[in-house]
Amino acid sequence: MAKPRPGQPLSERETRVLWMIAQGNTCKMVARMVTPRVTENTIKATSHHILVKLGASTITHAVFIALTQGLIGTHADCGDRAAYMRHRRRGETACAKCLIGKAEWDRDWRARSVQHRQECRQGPSQRAA
């Protein structure tokens, strides 16, 4: 396995492990939850990689960085418009990950809307071509 470098993006597994740690789980607890099963030492090594990649001095600092940069959300399903709406229904402030997901959805929706309007203006004979 290659050594992690500061500034590298977190892998999917590292992001998942960091989110579980952010929820208050210990390395031992995370090792039991991760599929396929891994050892506590594997989770500790993953935590070290997270620290290096985020440039954090402690795992708490890494969680703070990840939350503020939108790398992890406050809930497991954070990161899209639906999760953003769940935050709103709960009366919560949406996390950065959900705000980014909603902004991406809004941008895509506007692009689809513009494309649809252009297709409607063309008329049926031009659309078939």
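Any read-out appearing in this document is the output of simple, stated calculations on the displayed coordinates, not a laboratory observation. This is a predicted model, so every value here is computed, not measured. Neighbour counts run over all protein chains shown; Cβ positions are idealised from the backbone, glycine included.
Observations, loosely collected:
- Computed label-point distance, nm, for sites Gln8 and Glu92 using a 7 Å Cα→Cβ extension: 3.0
- Choice from Ser11, Ser113, Ser47 showing the highest fluctuation, given a GNM over the chain with Cα pairs closer than 10 Å: Ser113
- Cross-link partners for Lys28 among the aspartates and glutamates, with Cα-Cα distance under 17 Å and sequence neighbours closer than 8 places in the same chain left out: Glu14, Glu40.
- Selection of GluC sites (Glu not before Pro), region 73-119, meeting DSSP coil and at most 13 other Cβ within 10 Å: Glu92
- The simple Förster model, with R0 at 25 Å and r as the Cβ-Cβ distance, assigns Ala82 and Met29 a FRET efficiency of 0.35.
- Put in line by how crowded their Cβ is, counting other Cβ atoms within 10 Å and starting with the fewest, Thr35, Thr93, Thr74 read Thr35, Thr93, Thr74.
- Treating r as the C-beta distance of Arg107 and Val52 and R0 as 30 Å, the FRET efficiency rounds to 0.40.
- Cα pair distances exceeding 16 angstrom across region 81-127, given as percent: 53
- Adding -39500 (n - 2.57) for every DSSP H run of four residues or longer, then dividing by how many residues the chain holds, sets the calculated 222 nm ellipticity at -20500 deg cm²/dmol.
- Arranged from fewest to most other beta-carbon atoms within 10 Å of their beta carbon, His49, His116, His61 become His116, His61, His49.
- Distance between region 91-112 and region 25-89 - C-alpha centres, whole angstrom: 21
- Multiplying each eigenvalue of the alpha-carbon gyration tensor of region 12-69 by 5 and taking the square root yields semi-axes of 18, 11, 9 Å, largest first, rounded to whole angstroms.
- Pairwise FRET efficiency - Gln115 versus Thr60, Cβ, R0 = 41 Å, nearest 0.05: 0.35
- Shown for the chain are no DSSP H helices, since none reaches 27 Å along its axis, judged by Cα atoms, with a mean Kyte-Doolittle hydropathy of at least 1.6.
- A compact globular protein would have a Cα radius of gyration near 2.2 N^0.38 Å; the ratio found for region 22-129 is 1.59.
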